[in-house]
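Notes follow once the structure below has been shown.
No value in this document is a laboratory result; all are computed from the given coordinates. All figures in this text were calculated on a predicted structure; none of them were measured in a lab. Glycine also receives a Cβ, built like all others from the backbone with ideal geometry; neighbour counts cover every protein chain displayed.
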Amino acid sequence: MKAHTKETQAQMTPDSSLQELISGNQRFTQKRELERDLMQQVKETSKGQYPHSTILSCIDSRVSSELIFDQGIGDVFSVRIAGNFVNEDILGSMEFASKLAGTKLIVVLGHTACGAVKGACDHARLGNLTALIKKIEPAVAAVIDPKEEALRNSGNIDFVNEVARKNVLMTIDSIRAKSEVLAEMEQKGEIKIIGGMYDINTGIVNFYK
């Protein structure tokens, strides 16, 4: 399996990039990962990189984009931060990846039982983590049910997972609102911005259409 070249990247579309991730996740869950000579891909990408997708995911050790989507060296840009939200630096990275480096798809990937989301549900406060948690808390407030305060915490895994889903959708809205570059590219059909949720129990990614 060869690394992407400028020519193969140019042939990719937002839809074909998404399909590549869907197919890769299916291979991952079915234990049919492609055989790759990673050191050969290191050589092939030494003079340039031509990824097809940019994936914003959590730092969670169980959610490595390259592994769960069965991607090789040079296939995807991987942006990771606890709680998979965006800030100015991450938006700048995405703009570089899409506008300058040519990726066709941006994926905001949340996951079930997310520790950062649990912290936001519990309104945890600890050092620099406090500022991070506060960036996720709007998603907690945006989830209306359950209304009982005793059920709106990390002990309610259904609530946690719904907040994680809401956080993905709000992050997508934030990308479009805060990046004129990416919003314009999406409007022109040059890229797609979509969300998804990784299930840590099954290994399956469900994309939001």
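Inside region 169-209, residues that are among the aliphatic types (A, V, I, L, M) and farther than 18 Å from I22 by Cα make up a count of 9.
In region 170-192, the residue that is nearest to S53 (Cα to Cα) out of those that are of a type in the set (D, E, K, R) and under 18 Å from the mean Cα position of the chain (by Cα) is K192. One residue alone among S78, S46, S65 is among the hydroxyl-bearing types (S, T, Y) and over 23 Å from S16 (Cβ atoms), and that residue is S46.
Taken over region 39-74, the criterion of being among the aliphatic types (A, V, I, L, M) and either surrounded by 14 or more Cβ atoms within 10 Å (Cβ to Cβ) or under 29 Å from L91 (Cα atoms) (or both) is satisfied by V42, I55, L56, I59, V63, L67, I68, I73.
The helices (runs of 4 or more DSSP H) found wholly in region 1-91 and carrying at least 1 residues that are touching a helix residue (DSSP H, G or I) at 6+ places or on another chain (Cβ under 9 Å) and more than 24 Å from N167 (Cα to Cα) occupy 14-29.
Listed by position, the strands (runs of 3 or more DSSP E) inside region 100-209 whose residues that are surrounded by 13 or more Cβ atoms within 10 Å (Cβ to Cβ), in contact (Cβ under 8 Å) with a residue 12 or more places away in the chain and touching a His at 6+ places or on another chain (Cβ under 8 Å) number at least 2 are 192-198.
Within region 58-77, the set of residues being more than 17 Å from M197 (Cβ to Cβ) and either polar (S, T, N, Q) or in contact (Cβ under 8 Å) with a residue 60 or more places away in the chain (or both) comprises S61, Q71, G72, I73, G74, D75.
Can you find a residue in region 30-46 that is of a type in the set (A, V, I, L, M), under 21 Å from Y198 (Cβ atoms) and within 17 Å of the chain's Cα centre (by Cα)? Looking for residues that are of a type in the set (A, V, I, L, M), under 21 Å from Y198 (Cβ atoms) and within 17 Å of the chain's Cα centre (by Cα), one finds none in region 30-46, hence no. Within the option set S17, S23, being polar (S, T, N, Q) and surrounded by fewer than 21 Cβ atoms within 10 Å (Cβ to Cβ) holds for one residue only, S23. Scanning region 145-177 for residues that are in contact with an Asp or Glu (Cβ under 8 Å, 6 or more places away or on another chain) and under 14 Å from I106 (Cβ atoms) turns up just one, R176. When residues in region 75-99 are screened for being acidic (D, E) and either in contact with a Cys (Cβ under 8 Å, 6 or more places away or on another chain) or buried (at least 21 other Cβ atoms within 10 Å of the Cβ) (or both), 1 of them pass.
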